[in-house]
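Have a look at the structure below before the remarks.
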Amino acid sequence: MNGIPIVVLASGRGSNFEAIHRAIQTGGLAAEIGAVVSDRRDAPVLQKAKAAGISALSVLPKPSEARALHERRILEAIRAFSPRFLVLAGYMRIVTPELIGAFRSERGYSRIVNIHPSLLPAFPGLDGYGQAFRHGAKIAGCTVHLVDTEVDSGPICAQQAFPIVDCASAEEVEKRGLKAEHELYPAALSWILPEKFEVEKREERLCVRPH
Ligand code: GRF
């Protein structure tokens, strides 16, 4: 394997980690996961990483420790893997400008990628699928975006939408959403990681245009 080195940050279940790992294994994504890092000791994603033969590290935040200090310990823990990108997959902490600065490209954008469970800019924050369901939205979706200093508002890379008119619960929306995420994230990473895109300014916002 000779792909672009990445580190995955995840807090929980790890289904997106699995989808990314699967895409790498089947040749759909030229990347190499150096490590999976979690901020939770018991995150199922760590077991999944270990089972896949990937270094699984937990870097736990200390009580009342500044977020940037916790991130510095993460940077220390992953230094040996020299990741070009950080891939967030259900990482439940807000990242600071310092971490973003450590992954800022020469072209100015951040090399930290995230997947969010809504069609941003609709429904930022927690439980995007639940929000869509409770608002009676007719379409839901997921968004892959570069991470910038404001939460859930970095430049949008890719989105996948799906109808939810026939969904009877937030859980049903989430089930559809995860299926969409597992297709979208590896597909988007296949052009994001080799940086086959331009970032352009549209009024005050940054947009990612693949080429
Ligand atoms: C996904 O819905 C993702 O969009 C959000 O957190 C969830 C993570 O799921 N950021 P998993 O841990 O990858 O299964």
Interchain or long-range residues, amide H under 5 Å from Tyr91's placed H: Ser11
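Pull out a ≥ b ≥ c, the square roots of the eigenvalues of the alpha-carbon gyration tensor of region 1-151, then state rounded if a/c is under 1.5, prolate if not and a/b is larger than b/c, and oblate in the remaining case.
On the way: a/c = 1.42, a/b = 1.23, b/c = 1.15.
Rounded, because the longest to shortest axis ratio a/c is under 1.5.
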Cα lying deepest toward the dipole's positive end in region 77-211, options Gln131, Pro186, Gly154, charges on Cβ: Pro186
Whole-Hz Karplus ³J(HN,Hα) for region 136-148, in order, using 6.51 cos²θ - 1.76 cosθ + 1.60 and θ = phi - 60°, x for Gly and Pro? x, 4, 8, 10, 10, x, 9, 9, 9, 9, 6, 8, 10
Can you sort His21, His182 from fewest to most other Cβ atoms within 10 Å of each residue's own Cβ? His182, His21
If you place +1 on the Cβ of every Lys and Arg and -1 on the Cβ of every Asp and Glu, how big does the dipole about the Cα centre of region 56-211 come out, in debye to the nearest 20? 320
Reduced to Cα centres, the span from region 36-78 to region 98-114 in Å works out to 19
Among Lys50, Lys179, Lys138, which comes first, second and so on when ranked by fewest other beta-carbon atoms within 10 Å? Lys138, Lys50, Lys179
Each label point is 7 Å from the Cα along the Cα-to-Cβ direction; what then is the distance between the points at Ala68 and Lys179, in nm? 4.5
Sorted by chain and number, the residues with a modelled amide H under 5 Å from that of Cys157, at a separation of 5 or more or across chains, are Val144, His145, Leu146
Could you give me the percent of Cα pairs per 10 Å distance bin for region 94-173, shortest bin first, beginning at zero and ending with the bin that holds the maximum distance? 20, 43, 24, 11, 2
Antiparallel bridges, percent of DSSP beta bridges restricted to the chain (to nearest 5): 50
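Which of Thr149, Thr96 comes first, and how do the rest follow, when ranked by fewest Cβ neighbours within 10 Å? Each step should come with its number before you reach the end.
On the way: Thr149 13, Thr96 17.
Ascending Cβ contact count within 10 Å gives the list Thr149, Thr96.
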Search the structure for amide H atoms under 5 Å from the amide H of Glu32, placed 1.01 Å from N in the peptide plane, and list their residues when 5 or more places away or on another chain. Gly3, Ile4, Ile6
Can you tell me which of 201-208, 119-126 comes out highest on packing, and rank the rest after it, using the mean Cβ neighbours within 10 Å? 119-126, 201-208
All alpha-carbon distances of region 123-211, grouped into 5 Å bins from 0, give the whole-percent distribution 3, 13, 22, 20, 18, 14, 7, 3
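None of the figures in this text is laboratory data; all of them are computed from the coordinates on show. Predicted model, so just to flag it, every value in this text is computed and none were measured. Every residue, glycine among them, receives a Cβ derived from its backbone with ideal geometry; neighbour counts consider all protein chains shown.
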